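Okay, structure first, notes after.
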Amino acid sequence: MSETRSLPIGVFDSGLGGLTVARELMRALPSEAIVYLGDTARCPYGPRDPAEVREFVLQIGTWLTLQPVKLIVIACNTATAAGLSLAQRVFDVPVVGVVEPGARAAVQATVNRRVGVIATVGTVQSGAYSRAVRALDAGVTVFSAAAPRFVDVVEAGLRMDDGPIEDWMSQISEVFVRPSFYEIARDYLDPLKRAGVDTLVLGCTHFPLLSTAIQQVVGPDVRLISSAEETAREVAETLAARGQLAAETGRPGRAFYTTGDPGEFERLGSRILGRTTGPVDTVSVAKLGALVGGDMRAAVIAFDSEEETCA
Ligand code: DGL
């Protein structure tokens, strides 16, 4: 038990966006060690076929379990929607996604029971948020909009600027992406405003980095929800229930990996985290692809046939 307690939490995303969740985990659970993998080489996940994203979840989940880790956080809505239930089935450690925590926070926040969700195409088409909200409170109506270009705005904006991330967040609409940001944002957000939502879920882990600008567009009466805080709470509760919270130590290990450019990941990632990532290591896509063995494939086939039987 004490050995498991000292293992890191494994976190992954298609790239940098999941660092908004890692940042919250570090704030809420400062004694926990973290291993983070950003699959930058294959970002974005949003437009991909869900079966392909599910394969990425298997690969990266397997890589994380080999580190080893005591719990996996899928810090990507698209990957959560495509692969959370399979990951929970095939891995021996608990797997926490970001959709259910975001849905829970939205259900708690809404007063008029009209909730908007902006997310990637993959997440919206999966219907994952509608299902999660309905399971918590069937009286809440969900209005979803795919906002894929927000991912590009974040990725491009981060690369264009070197200042502190909080400055970037407050200046983004003024400096980097004006006026196109407002055009894009209005296209995505006006239908949700017309639907009268009082709560808007930022259903992509990249989007909290645009929250200042999104808030300007939707106005002060719409409450923005990022799933990061609620996800960190769920991780804390899961570890506490299992007696696996780390002992309070001075400096827990934090290790960052990318399938892309490690120098760029270190530079941009440190800005999102508000502290240095330290040197970032590379994991090749080829290595990840070779990790999923025959036993895992058999478990996937068994899972899929059960799903079909239940459907
Ligand atoms: N961060 C991913 C998510 O939360 C979106 C970015 C992508 O399309 O890869 O869905």
Pairs, please: C-beta under 8 Å, at least 6 apart or cross-chain, first residue assigned to a loop (DSSP other than H, G, I, E, B) and in the range 5-17, second of a type in the set (D, E, K, R) and more than 16 Å from the ligand (Cβ to nearest atom)?
Leu7/Lys70; Pro8/Glu32; Pro8/Lys70
Filter the range 268-305 for residues that are touching a Lys or Arg at 6+ places or on another chain (Cβ under 9 Å) and of a type outside the set (A, V, I, L, M, F, W, C); the one that is surrounded by the most Cβ atoms within 10 Å (Cβ to Cβ) is Thr277
So which residues in the range 192-240 are aliphatic (A, V, I, L, M) and in a loop (DSSP other than H, G, I, E, B), if there are any at all?
Ala195, Val197, Val222
Filtering the range 7-60 down to residues that are under 14 Å from Ala236 (Cα atoms) and touching an Asp or Glu at 6+ places or on another chain (Cβ under 6 Å), which residue is nearest to the ligand (Cβ to nearest atom)?
Glu24
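Taking the range 143-152, which residues are of a type outside the set (Gly, Ala, Ser) and buried (at least 24 other Cβ atoms within 10 Å of the Cβ)?
Listed by number, the residues that qualify are Phe150, Val151.
The numbers here are math on the coordinates, done by the rules we state, and not lab data. Predicted model only: the values in this text are computed from it and were never measured. Counting neighbours? That spans all protein chains shown, and the Cβs are built from the backbone with ideal geometry, glycine included.
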